[in-house]
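A short worksheet on the structure shown next.
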Amino acid sequence: MLTRADNELMCLVGPGTAMGATLRRHWLPALSSSELPQPGDDPVHVELLGEHFVAFRDDAGRVGLLDESCCHRGASLMLARVEGCGLRCIYHGWKFAVDGAVLDTPNVPDPKFTDRIRARAYPVRESGGLIWAYLGPREGVPEFPKWPWMELAPANRLNAVAQINCNFVQIMEGLLDSSHLSVLHISPLRASAQSQLQFARKAEHMAFDAAPRIEAELTDFGLHYAALREVPSDQGTRIEARVAAFISPCFIANPNGDLFFVIVPMNDTTTRFYHVWWDAERNIGEEPLRSEQLRFVGLDDESLKQHGMTPETADRSARASRENRWHQNREQLRAGHFTGIHSFTQEDVAVSVSAGAIRDRTKEMLSLADLAIGRLYRVLLNTAKRVAAGQPPIGVDADTTAIRGAQGVLAPGVNWRTLVPAHQVLRARDVADSAA
Ligand code: FES
Ligand SMILES: [Fe+2]
């Protein structure tokens, strides 16, 4: 349970907020590369942390991210023309390069004028199928992350994104909550027993034991936690461990070990939920594996559109809401499906969105099963308070080459931490030092 003030501190992300300042100190995905595939494509609207931008790709393939509002007199650069090496505002024709340099001002012929002014542009990097931006102070640009999937060829990587109408923290909570898997997702999990997908095989054992033992602890990058399940087997029972890592402030390495999430607030009540699967051996980014995988979790284009989870549909009646009972089909439920909801993703969205645009945490009743959720609050509040006090945010110097999610069968007496040997657990003294 949190006070109203702490809940707001943790959830609000706009300019001038502590969590907003914290998120602005990290590289964040602004959009998927597939949303801006070609030089000369129409400029794309990007909403990030409550601010509006446009992204465009110049003729050299470089991506620029500028304030949406033209630096001259504010016309939207969504209207602008993409011309060669820049973006030209249609109002008075000022033209901007990806780095904000002013290339042309037809209504002010003085060449010195263009040298004196600059549009607001942000550092951009493209990696792992994502276009990343840094919105924070220029003197503090952090090292660019080196997640293992960034180096792989596009064929070995599968990117997907869903737009969800609630605050980012409640989506992260669902990803750090192993106990809901064997309940909320029990129907798709049971169905996965028939699936040949590798992803389905990894999830299968979660259909057993709805009360996994949860152990969670703070680390130098945020937190990690283990869900330990007793699974029946021919030799009696075995312990399956699933270890997830939360890298502050919005990155999660899933226990599957080949699935990574970035949960990026567009504003306080709308979130972009990026998924990246990777496989160095198999071409999961190509057909037929790509579509099979996306359909299995409900992230295929058709499902996303039907459920109002794309930029074009998220504001429409298709979005999950009380009016459409968050897309629950009661007939299906009565017929035996546990939730009556389309798939994993839509089940998660229904419970997250139905809790309110920003969940009221002054009323919740956390239990032992929610250990990782309480730790998540603690990391987020700590990092926001640290940044407000002028200290570096948690996770900004995380060793992105070594942090991982993992799962495995534990031999008797083996500690689950052996699955994630590179994670540095904070000692009680360190935790006390940085406690919120
Ligand atoms: S408002 Fe963009 S050039 Fe004048
Ligand atoms: Fe879920």
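Carbon and sulfur atoms: what percent of the 1.4 Å accessible area of segment 110-254 do they account for? Mind dumping the intermediate values first?
Numbers: 2880 of 5760 Å².
Summing carbon and sulfur atoms, their accessible area is 50 percent of the total for segment 110-254.
Applying the Karplus parametrisation 6.51 cos²θ - 1.76 cosθ + 1.60 with θ = phi - 60° to the phi angles of segment 112-128, what ³J(HN,Hα) value in whole Hz is obtained for each residue in order, glycine and proline being reported as x?
5, 4, 4, 5, 7, 10, 8, 7, 7, 10, 10, x, 10, 9, 10, 6, x
Give the lysines whose C-alpha is closer than 28 Å to that of Lys305, dropping any in the same chain fewer than 8 places away, or say none.
Counting by Cα, and skipping residues close in sequence, Lys305 has these lysines nearby: Lys202.
Rg to Rh for segment 173-314: what is it, with Cα atoms only and Rh by Kirkwood?
Reported Rg/Rh, Kirkwood definition of Rh: 0.97.
What number comes out for accessible area per residue over the chain if the probe is 1.4 Å? Units Å², please. Could the numbers behind the result be given before it?
Values: 19440 Å² over 436 residues.
Accessible area per residue, the chain: 45 Å².
Using label points projected 7 Å from each Cα along Cα→Cβ, tell me how many nm separate Glu302 and Glu331, to one decimal.
So the two model labels end up 1.9 nm from each other.
Counting only the heavy atoms of the protein chains, how much of Val102 is accessible to a 1.4 Å probe, in Å² to the nearest 10?
Its heavy atoms expose roughly 20 Å² to the probe.
Within 10 Å of each candidate Cβ there may be at most 10 other Cβ atoms; applying that plus a DSSP loop requirement, which trypsin sites (Lys or Arg not before Pro) in segment 281-342 survive? Let's see the in-between values first.
Details: sites: Arg282, Arg290, Arg295, Lys305, Arg316, Arg319, Arg322, Arg325, Arg330, Arg334; in loops: Arg282, Arg316, Arg319, Arg322.
Here the trypsin sites (Lys or Arg not before Pro) that fit, given the DSSP loop and packing criteria, are Arg316, Arg322.
Hey, what do the phi angles of segment 258-275 turn into as Karplus ³J(HN,Hα) couplings, whole Hz, using 6.51/-1.76/1.60 and θ = phi - 60°, x for Gly and Pro?
The phi angles translate into 9, 9, 10, 10, 10, 10, 10, x, 6, 7, 5, 10, 9, 9, 9, 10, 8, 10 Hz.
Using the per-residue mean of other Cβ atoms lying within 10 Å as a proxy for protection, in what order, highest first, do the peptides 261-268, 94-101 fall? If you can, show how the numbers build up before the last one.
On the way: 261-268: 22.0, 94-101: 20.5.
For the peptides 261-268, 94-101, the packing ranking is 261-268, 94-101.
What lysines could a cross-link reach from Lys95, if we take a straight Cα to Cα line under 30 Å and drop same-chain neighbours fewer than 8 places away?
Partners found: Lys112.
With a cap of 11 neighbouring Cβ atoms within 10 Å, and only residues DSSP puts in a loop, list the trypsin sites (Lys or Arg not before Pro) found in segment 33-87.
Working: sites: Arg57, Arg62, Arg73, Arg81; in loops: Arg62, Arg73.
Sparse-neighbourhood loop trypsin sites (Lys or Arg not before Pro): Arg73.
The values are calculated or read from the model by the stated rules, or taken from the named source; none is laboratory data. Quantities reported herein were computed from a predicted structural model and do not represent experimental measurements. So basically every Cβ, Gly included, is an ideal-geometry build from the backbone, and we count neighbours across all protein chains shown. Note: accessible area is taken over every heavy atom of the protein model, side chains too, but ligands, DNA and RNA are not part of it. Shrake-Rupley method; radii C 1.70, N 1.55, O 1.52, S 1.80 Å.
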